[in-house]
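The values are calculated or read from the model by the stated rules, or taken from the named source; none is laboratory data. These numbers come from a predicted model, not from an experiment. Positions of Cβ are backbone-derived with ideal geometry, glycine not excepted, and every protein chain shown enters the neighbour counts. Calculation scope for accessible area: heavy atoms of the full protein, side chains included, ligands and nucleic acids excluded. Shrake-Rupley method; radii C 1.70, N 1.55, O 1.52, S 1.80 Å.
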Amino acid sequence: MSRSPSLPDRPRLDLDPEMSDAERLDAMRRHYERILQVNTELDERLTEATDRQDDLREEVDHLKRRNEVLKTSSLYIATIEELTDDGVVVKQHGNNQEVLTEVSPGFEAELEAGDRVAINDSFAVQTLLDDETDARAQAMEVDASPDVTYDDIGGIDDQVREVREAVEDPLANPEVFAEVGVEPPSGVLLHGPPGTGKTMLAKAVANETDATFIKMAGSELVQKFIGEGSRLVRDLFDLADERTPAVIFIDEIDAVASKRTDSKTSGDAEVQRTMMQLLSEMDGFDERDDVRIMAATNRFDMLDEAILRPGRFDRLIEVPNPEFEGRRRILEIHTREMNVADDVDFDELAEELEGYSGADINSLTTEAGMFAIRDERTEVRHEDFVAAREKLDESTDEPGVIGAEYRQ
Ligand SMILES: Nc1ncnc2c1ncn2[C@@H]1O[C@H](COP(=O)(O)OP(=O)(O)OP(=O)(O)O)[C@@H](O)[C@H]1O
């Protein structure tokens, strides 16, 4: 920043006692003139500073307005294809339209071919998107060999069987379906309260068939930028194609496939576009028998019927909270590696854990282990499970029910 020149010195009046009256008068006149001159100089500097202040205010207002525009208006995602003397060529995501456009002044120098940018309605480049804004990495979880097996899942044997029929068999023996002349279900939708093993089921099926498990969270598909959600959906299916055999698992599918609301905000339109992309990917997916699609939701009642039509998610499997036998089995599964004392009565515990999900029971066993450790014991006793249950119940409004509310 350039420093402003220093202010003029304050004029001094030097009067010598030896001076004659005329000399004094003359000195005072010169002093007076000097004061006038300094005053004029200061006036000029003040005007300059005020002008500069006005300029800066204007700049701040402009930036504020620009910021507001960036915050409120919908922007589209594009990739810089080429930088030319006449502007930049960008390709818009979603429709692949190429346009020659301009860049907001100030950051031309920062751009390179291949960069992802946000463009406005008139295609002008507004922002350079950095890696953090790259939603792809955040949205997808890819596991080449998940380590969950059917043996790790308790209390939902019927559901395991159904998933094996609908997902595992078509992946493992596609020829059987071809010979018999039946189409395997296109997509399998698991629905039920949180923490009941829906994700485990999808991972176990991928494990059993040596398929890559590719998970996408529906909430991550709801992106801020127009075109981003549908691009993520395309990427998801492309990735599955590259990594066959593969199981695609879309968790929280309700985030992109809820019944249409009446509101017409641009956010809703974007969610709608993402869902349309998902439907069109699924519709074009019939031929590929080495990729299976699964999805899960806790909000089945919210789903748009369009995704449940034949050829889409046409096999529905409800995964409820476990019954007594299931709770007992899940207790056993999660204490397999634990040093459990002989006095632990799993029947009694399973009886008392009505309303607990598999995930709740998992937390309970960990908590029981913590009580034993706090007590400096290496064996987990029945009393530890009881204390753990009291602690977990205290942390919820409704005693005995840890799972989040579930509206079916
Ligand atoms: N049926 C089950 N058997 C054994 N463990 C279970 C079972 N259900 C849940 N769990 C435990 O809870 C954890 C979470 O389960 P999972 O992620 O599969 O639930 P989810 O139904 O997908 O939940 P959400 O709907 O919240 O995504 C599992 O890692 C496991 O430890």
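Among the residues here, Asn96 does not qualify as open to solvent by less than 90 Å² (accessible area, probe 1.4 Å) and at pLDDT below 90.
Of all residues in region 373-385, those that are among the β-branched types (Val, Ile, Thr) and within 37 Å of the chain's Cα centre (by Cα) total 1.
Residues that are over 15 Å from Ile253 (Cβ atoms) and within 13 Å of the ligand (Cβ to nearest atom) were ranked within region 181-200; the one that is surrounded by the most Cβ atoms within 10 Å (Cβ to Cβ) is Thr196. Selection within region 54-93: residues that are of a type outside the set (D, E, K, R) and in a helix (DSSP H, G or I). The member of this set that is modelled with the highest pLDDT is Leu56. Just the residues that are open to solvent by 30 Å² or more (accessible area, probe 1.4 Å) and touching a helix residue (DSSP H, G or I) at 6+ places or on another chain (Cβ under 7 Å), please, taken from region 210-234. Ser219, Glu220, Val222, Gln223, Arg234 - these are the residues of region 210-234 that are open to solvent by 30 Å² or more (accessible area, probe 1.4 Å) and touching a helix residue (DSSP H, G or I) at 6+ places or on another chain (Cβ under 7 Å).
The criterion of at least 2 residues that are open to solvent by 60 Å² or more (accessible area, probe 1.4 Å) and within 16 Å of the ligand (Cβ to nearest atom) is met, among strands (runs of 3 or more DSSP E) falling completely within region 243-358, by 313-318. For region 132-160, the set of residues classified as in contact with a helix residue (DSSP H, G or I) (Cβ under 8 Å, 6 or more places away or on another chain), modelled with pLDDT under 85 and more than 19 Å from Thr212 (Cβ to Cβ) consists of Ala135 only.
Scanning region 363-388 for residues that are touching a residue at least 40 places away in the same chain (Cβ under 8 Å), touching a helix residue (DSSP H, G or I) at 6+ places or on another chain (Cβ under 6 Å) and in a helix (DSSP H, G or I) yields a total of 1. Residues of region 201-219 that are away from the ligand (no atom under 12 Å from the Cβ) and among the polar types (S, T, N, Q): Asn207, Thr209, Thr212. Could you list all residues from region 171-200 that are without any contact (Cβ under 8 Å) to a residue 40 or more places away in the chain and part of a loop (DSSP other than H, G, I, E, B)? Selection gives Asn173, Gly181, Val182.
Scanning region 203-242 for residues that are part of a strand (DSSP E or B) and among the small types (Gly, Ala, Ser) returns a single hit, Ala217.
Determine if region 156-170 includes at least one residue that is within 20 Å of Asn207 (Cα to Cα), assigned to a loop (DSSP other than H, G, I, E, B) and either open to solvent by less than 40 Å² (accessible area, probe 1.4 Å) or within 13 Å of the ligand (Cβ to nearest atom) (or both). Yes; the residues of region 156-170 include at least one that is within 20 Å of Asn207 (Cα to Cα), assigned to a loop (DSSP other than H, G, I, E, B) and either open to solvent by less than 40 Å² (accessible area, probe 1.4 Å) or within 13 Å of the ligand (Cβ to nearest atom) (or both).
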